[in-house]
Amino acid sequence: MTKWQLPEAEAAVRIAGQYTRLGVEHILLGYDHLLFIVCLILLAGTFRRILITITGFTIAHSITLALAALDLVRLPVAAVEASIALSIVFVASELARGRKDTVTWRYPISVSSTFGLLHGFGFAAVLSDIGMPQTQVPAALLFFNVGVEIGQIIFVLAAVLLFQASRRLLPSLQAQEFPGALAVVQRPAVYIVGPLALFWTFERVAGFWS
């Protein structure tokens, strides 16, 4: 008598749920990634440019996340983490200068996609620590990335809505359009983000020899 064993549909559903949740948790707890996204929002300035810039970041880090998670490309984790911190320093310094004629300002997607490739390796390092099920690697990779994107969308929407709500409490921002109001808080914000990211850079580079 021939026997057939049907695959457990629950297993795939469980993997999807678990890795989506892990992806959401990672991005929302990843303070360095979140601060980079804050810098991208400040750099983009308008809703349309924010959408384009964040999309570029998403596509780029999805590519390197897949390449690294599938073990097709390898980079030292410590160097990746230090470089991620340095990417925040770079964007914060561009914002502090306020020069609107640079490639960074004119084409923020070039910055988001270039550094997005780097951040993807950071996501992959976390996924490597978590581990992936041997028989469900593509599903785990896909849904972890889906979770990262869901968390990223939640954070961007929350940041924009919080900023819009705060404008009602600050008279100096009420009369400003969204880009102008964003520009007002830009310099104070980067003077906090920049030194913090610089500290992380030195700390992570020092970790090379620990």
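Summary of computed values
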read-out	value
Environment charge of V89, counting only residues whose C-beta is closer than 15 Å and scoring Lys/Arg +1, Asp/Glu -1	-2
Accessible area (Å², per residue) of the range 78-210, counting only protein heavy atoms and a probe of 1.4 Å	54 Å²
Debye equation applied to the C-alpha atoms of the range 1-108, log10 I(q)/I(0) at 0.18, 0.21 Å⁻¹	-1.06, -1.27
Efficiency of FRET between R106 and A206 - r from beta-carbon atoms, R0 30 angstrom, step 0.05	0.25
Label-point separation in nm, L70 to V160, each point 7 Å along Cα→Cβ	3.2 nm
Surface share of carbon and sulfur [accessible, 1.4 angstrom probe, percent] for the chain	69 percent
Rough spin-label spacing in nm, given labels placed 7 Å along Cα→Cβ, for L29 and A96	3.1 nm
Rg over Rh [alpha-carbon atoms, Kirkwood Rh] for the range 154-210	1.20
Cβ-placed point charges (K, R +1; D, E -1), dipole of the chain about Cα centre in debye, nearest 20	620 debye
Net length gained if the chain between F178 and L198 were fully extended (0.36 nm per residue, minus Cα distance)	4.3 nm
Approximate shape of the chain as ellipsoid semi-axes (Cα gyration tensor, √5λ), whole Å, largest first	36, 21, 14
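The values are calculated or read from the model by the stated rules, or taken from the named source; none is laboratory data. As the structure is a prediction and not an experimental result, all values here were calculated from the model. Note that we place each Cβ from the backbone using ideal geometry, even for glycine, and neighbour counts take in every protein chain shown. All accessible areas refer to the heavy atoms of the entire protein, side chains included, with ligands and DNA or RNA removed. Shrake-Rupley method; radii C 1.70, N 1.55, O 1.52, S 1.80 Å.
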